[in-house]
């Protein structure tokens, strides 16, 4: 699928400024949309929205369908009478001036208030309001029923490893589920209520962005966490033993991100079972995501052609094996039911001709990343001068150094070839020159991480692949996105024909 020539900015919701320790769907999100419009941008790319299961990573979540309740804004709840102003706006322990997300502080402050909002709803909601929530729960029951249970069980048992729950829940017996549904009815309904609040706020933000000509660009990890509602509710679709533990897990072999590869630990799919079901679970997943987003990046696209299968007992990803993936069948099955899929293939890493052929056959644009284009003279795939229209160009991704962090490392390494002379002509505003190379490229779509737009160094890096802790915490400073910066990037964008 070809996209119009345009550009956008990558900034995750959690990175937005907030007095509550974490960015959310409140005023700062709407202000960011306003900045995008004033800067001439037509795309807002974010990372996955799911509730993180491990170390706050949006790529390892309790659900492939649900959203992180910490992203719910409290201000609309005050306007709807679900919270008082004094409750919502009293966050004395959370410093709005910090440059790091306070995940634990945000959870301690916001989650009890969401429970208060739920109690107020139960006590005071009128018939129309109750009907709205009930309608939402019915229309999303396919994933919401099991997610509501899963989250309630985690809280009740204080255990996210579902294989340690009572046997009737591990095996999902009809009688067992019915008994626990009754016992934890309020907790399950609270979980569903949080998803209702999120979706209502997200739809409002998306509608606002779309009204200003800005598309929302999401990100879908190919794999899901073992400790997720998806695996627990669909155990037959994953490589598990009789106790529910993974037998084969996901990752990638050694590449330019990591010398020992990346051991993600997500259970591998049983693609034969999925095929027998005409990939119904995947189609449901695409349907949910494409209601939330106008564009969708499929992370680790190469795993659909062939994937790196690692024994669950392995300590690194080095000793895995390539296995044949399902190819185009997943996408063709979804397209039959959903229509053309506005997908972008994340095709970074060890990419073979077979992967390229699959992507081209499906008509999905791939990715080009400037930082990968200047290592060797003969390797110019990621050099902006060679980009093809059917691609999405980046200065860097959430897994890279910031572009200035990358550039400063290059200048300290005398072995690097001087391949940037056509891109960088002076020492002034180097980050803008690198951004301009991406904007001026032939790629239909260009995306710049907000850290690169601000010319920040590696202290603003979002993720270090292979590092288990300390990622995902960078936060945008208040008033960092100025009218002058918007005008600068708009001028560059217009000059690049975007």
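Every number here is computed from the coordinates shown, using simple stated rules; none is lab data. Since the model is a prediction, treat every value here as computed from it, not as a measurement. Here Cβ is always computed from backbone atoms with ideal geometry, including for glycine, and neighbour counts include all displayed protein chains.
Work out the FRET efficiency for residue 159 and residue 379 from their Cβ-Cβ distance, taking R0 = 51 Å, and round it to the nearest 0.05.
On the way: r = 48 Å, r/R0 = 0.94.
Calculated transfer efficiency: 0.60.
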**Overall Cα dimensions of region 43-128 - principal axes, largest extent first, Å** = 38, 32, 28
**Request:** Give me the compactness ratio for region 180-240, meaning the Cα radius of gyration over 2.2 N^0.38 Å.
**Result:** 1.59
**Asked** Where Rh denotes the Kirkwood radius from the mean inverse Cα pair distance, what is Rg over Rh for region 195-283?
**Response** 1.11
**Prompt:** With N residues in region 34-81, what two-decimal value do you get for its Cα radius of gyration over 2.2 N^0.38 Å?
**Reply:** 1.52
**Complete:** If each part is reduced to its alpha-carbon centroid, region 456-473 and region 195-224 end up apart, in Å, by 24 Å
**Asked** When the chain is fully extended, how far beyond the present Cα-Cα distance does residue 167 get from residue 181, taking 0.36 nm per residue of separation?
**Response** 3.5 nm
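Would you compute, from DSSP H runs of 4+ residues alone, the mean residue ellipticity of the chain at 222 nm, taking -39500 (n - 2.57) per run and dividing by the full residue count, rounded to the nearest 500? Numbers along the way, then the final one.
Values: 18 runs with 194 residues, N = 498.
So the helix-based figure for the chain works out to -11500 deg cm²/dmol.
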**Fill in**
Rh_Kirkwood(region 400-466) over Cα pairs, Å, one decimal, evaluates to 12.9 Å
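Given the alpha-carbon gyration tensor of region 439-498, what are the semi-axes of its equivalent ellipsoid in whole angstrom, ordered largest first, with each equal to the square root of 5 times an eigenvalue?
Details: eigenvalues 141, 56, 10 Å².
Largest first, region 439-498 gives 27, 17, 7 Å.
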